[in-house]
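**Student:** Just passing along the structure, written as structure tokens.
The values are calculated or read from the model by the stated rules, or taken from the named source; none is laboratory data. Bear in mind that the values here come from a model prediction, so they are computed numbers and not experimental data. FYI the Cβ positions are ideal-geometry reconstructions off the backbone, even for glycines, and counts take in every protein chain you see. Calculation scope for accessible area: heavy atoms of the full protein, side chains included, ligands and nucleic acids excluded. Shrake-Rupley method; radii C 1.70, N 1.55, O 1.52, S 1.80 Å.
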Amino acid sequence: MSPRLTRYAFLSAVAASLGLASAANAQERRADLEERLPVDPQLRVGVFENGLRYYIRANERPEDRAELRLVLNAGSVLEDEDQLGLAHFVEHMAFNGTKHFPKLDLIHYLEGIGMRFGPDVNAYTSFDETVFELTVPTDTGEVLEQAFQILEDWARDVTFDPEEIELERGVVIEEWRLRRGAAARMRDQQFPVLFRGSRYGERLPIGKPEILENFEHASLTRFYREWYRPDLMAVVAVGDFDVARVEALIRHHFASLPPQTAPRERFVFDVPPHDEALVSVATDEEATQSSVSVYYKQRVRNVRTLGEYRQTIVEGLYNRMLNGRFFELTQTPDSPILLGSSGQGRLVRSGEVYVLSALAREGEITKALETLLVEAERVVRHGFTASEFERQGRELLRIMEAGYAEREKTPSKRYASDYVQSFLEDEPVPGIEYEYDLYQRLAPGIQLEEVNRLAQEWLTEDNRVVLVSAPVKEGIELPTEAELLALFEVVKAMDIEPYEDAVANVPLIARVPPPAEIASEEEIGEVGVTIWELANGATVILKPTDFQDDQIVFVGVSPGGTSLAPDESYIPAATAARLIFEGGVGEFTLVNLEKVLAGKNVGVRPFIQEL
């Protein structure tokens, strides 16, 4: 165990049992928690007079590449009644002709410089935003300049050629058809319940076919004209480039975008609260799995101060501990849940949500919901144990340490994604160095009681929605709305025992095997490889790399595989590796192994392939 882990475990135990410092120090800490989170000093953020914001960061991973984003704070929730699906349609039209790239010239240009649609060129439209994505080479200055011209064209100069609109109409309608699978049909049944009384239940980004087939061209261009405007836009640029040069390019292309003189208000639409529980049981003949979820709607919160950041650590510990219990349940042979999860986050721009969800065994949806509620109620009554708290604290610190160790290897795509969310949802971007230091400062003072209190705060009786998805199958009866709601009271009346955190008290490696002698050694200098032949007949190939810090990768292989199995043994051969993994190691079950390895960056997985 490293000194940092030892310090965390010790301070956590002290904090839980004795509290921290004096009242004067507590007052000073409260003042510190009001301190606002800073912006990463390696990130350059600016705003032009027209309202457009920009985020620029130099990053050399990967070399000679840049990630560019045009972010629009407008999506399908802003559509008028004659525009359902047209926010997404506008996104499509951006690739079908702009001022500097008529018709399909843009696609031909991008493909001509080696860019591929999907990995390098993409876009998406959701309820609240539209985002255009480009990955471009930076070893040629002309390409980077053209990339910003493309972003500018998307921002204000999409041409909407009538012929291209009609051609794209069929493409978008076909995309709508392709998305009409079981999941989409069940979602259509559930969203009006989940978003009852909200515009979000009526504005799915894919739209409605009757609108897509018949809309007037003026309805399409009206959405572009009213919402594609600089005060709702941001440009994100991360990559292997000179920041000053990129800032000059952004200024050249975007500072002069004219603001609208009488812009429509960009409303944030509410998800109305409700006192009673809502239920939706959605079925489909093509569905293949059964699931049940309980949504507890919450108000939106911002993370702008140290105290608010500290709260995210508290909530992360809660979810990690409850998810650990769910995982343990899935390893029992009679568990009605195949997967279980506890999570909290943003539902839509105007609302957050806490969700308990489970993938249920066929025909056991009621038992699966009962399992979720019992485990949640167990936390309400008895809380988590000190050993769970300490273990997950170590694991969170390990994750932070890994991110800090790999900070120089962070890919530009990850930074770009963070900055997009920072613009859209006002998320902080203090940088991994600051977050790592902040975690070490804040985590030791978090007490188990704080985490346990979340169960009371999150598991409310109002603003609760139960969603069930299931296949239609003969002989399988689904629970009624009344039966599902009755379970909440049934669980409250149950006698629920505290959780026992069983951990195997034996060494992870009881006996270290003796090493085999090296019989011969060969070096292949041109590729930096050393080959050992061991006395036991094994061959070891070694290659030092700097691809990732703090990581060693071992792969052991031998010839053979499922291709050598006779037909009658193929299924056992193909599934043996999974059984080995699920069976744990030595005296450790898979559950106990997960507990013992908490805080350690290690994982082993067997595999049997064809050869």
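**Student:** Give the cross-link partners of Lys367 among the lysines, using a straight C-alpha distance below 30 Å as the criterion and excluding same-chain residues fewer than 8 apart.
**Tutor:** Lys297, Lys473, Lys492, Lys595
**Student:** In whole Hz and in residue order, list the ³J(HN,Hα) couplings for the stretch 36-46 that follow from phi through the Karplus curve 6.51 cos²θ - 1.76 cosθ + 1.60, θ = phi - 60°; x for Gly and Pro.
**Tutor:** Once θ is set to phi - 60°, the couplings for the stretch 36-46 become 7, 5, x, 8, 3, x, 7, 9, 9, 10, x Hz.
**Student:** For the chain, report the accessible area per residue in Å² (1.4 Å probe, heavy atoms, rounded to an integer).
**Tutor:** 51
**Student:** Sticking with this one: Could you grab the relative contact order for the chain? Cα pairs under 8 Å, six or more apart, rounded to a whole percent.
**Tutor:** 19
**Student:** Only sites in a loop by DSSP and with at most 15 other Cβ atoms within 10 Å count here; which GluC sites (Glu not before Pro) in the stretch 569-607 make the cut?
**Tutor:** Passing both the DSSP loop test and the Cβ count: Glu587.
**Student:** If you don't mind, another one. So, counting K/R as plus one and D/E as minus one, what does the shell of residues with Cβ under 9 Å around Gly351 add up to?
**Tutor:** +2
**Student:** Still on this structure, I have one more. Using alpha-carbon pairs under 8 Å, 6+ residues apart, how would you state the relative contact order of the stretch 343-492 in percent?
**Tutor:** Dividing the mean separation by the residue count of the stretch 343-492 yields 36 percent.
**Student:** Can you list the residues, at least 5 places off or on another chain, whose amide H is less than 5 Å from the amide H of Asp64, using H built in the peptide plane?
**Tutor:** Close amide H contacts, sequence-distant or interchain: Asp240.
**Student:** Using only helices, what value at 222 nm comes out for the chain when you add -39,500 (n - 2.57) per DSSP H run of length 4 or more and divide by the total residues, to the nearest 500 deg cm²/dmol?
**Tutor:** -13000 deg cm²/dmol
**Student:** For the stretch 172-177, take each phi angle, set θ = phi - 60°, evaluate the Karplus expression 6.51 cos²θ - 1.76 cosθ + 1.60, and give the result in whole Hz per residue in order, putting x for glycine and proline.
**Tutor:** Computed from phi, the couplings for the stretch 172-177 are 5, 5, 5, 4, 4, 4 Hz.
**Student:** Considering the values [x] 28.3; [y] 24.9; [z] 29.1, which represents Kirkwood radius over Cα pairs in Å as calculated for the structure under consideration?
**Tutor:** Looking at Kirkwood radius over Cα pairs in Å for this model, the match is [x].
**Student:** Could you compute the net charge surrounding Pro263? Neighbours are other residues with a C-beta less than 13 Å from the C-beta of Pro263; K and R count +1, D and E count -1.
**Tutor:** +1
**Student:** Report the full-extension gain for the segment Asn505 to Leu542: residue separation times 0.36 nm, less the Cα-Cα distance, to one decimal in nm.
**Tutor:** The span from Asn505 to Leu542 would gain 9.9 nm if fully extended.
**Student:** From the backbone phi of the stretch 114-122, what are the Karplus-calculated ³J(HN,Hα) couplings (6.51 cos²θ - 1.76 cosθ + 1.60, θ = phi - 60°) in whole Hz, Gly and Pro given as x?
**Tutor:** Listing the rounded values in order: x, 8, 10, 5, x, x, 10, 10, 7 Hz.
**Student:** At most 11 other Cβ atoms within 10 Å and a DSSP loop assignment: could you name the GluC sites (Glu not before Pro) in the stretch 418-506 that fit?
**Tutor:** Listed in order of number, the matching sites are Glu461, Glu474, Glu477, Glu500.
**Student:** Given a 1.4 Å probe and every protein chain left where it sits, what share in percent of the accessible area of the chain is carbon and sulfur?
**Tutor:** 52
**Student:** Count neighbours as other Cβ atoms within 10 Å of each site's Cβ, and list the trypsin sites (Lys or Arg not before Pro) in the stretch 150-184 that are DSSP loop with at most 16 such neighbours.
**Tutor:** Listed in order of number, the matching sites are Arg179, Arg180.
**Student:** Turning to a different aspect of this structure: Quote the relative contact order of the stretch 466-561 in percent (integer), defining contacts as alpha-carbon pairs under 8 Å separated by 6+ residues.
**Tutor:** Result for the stretch 466-561 is 13 percent.
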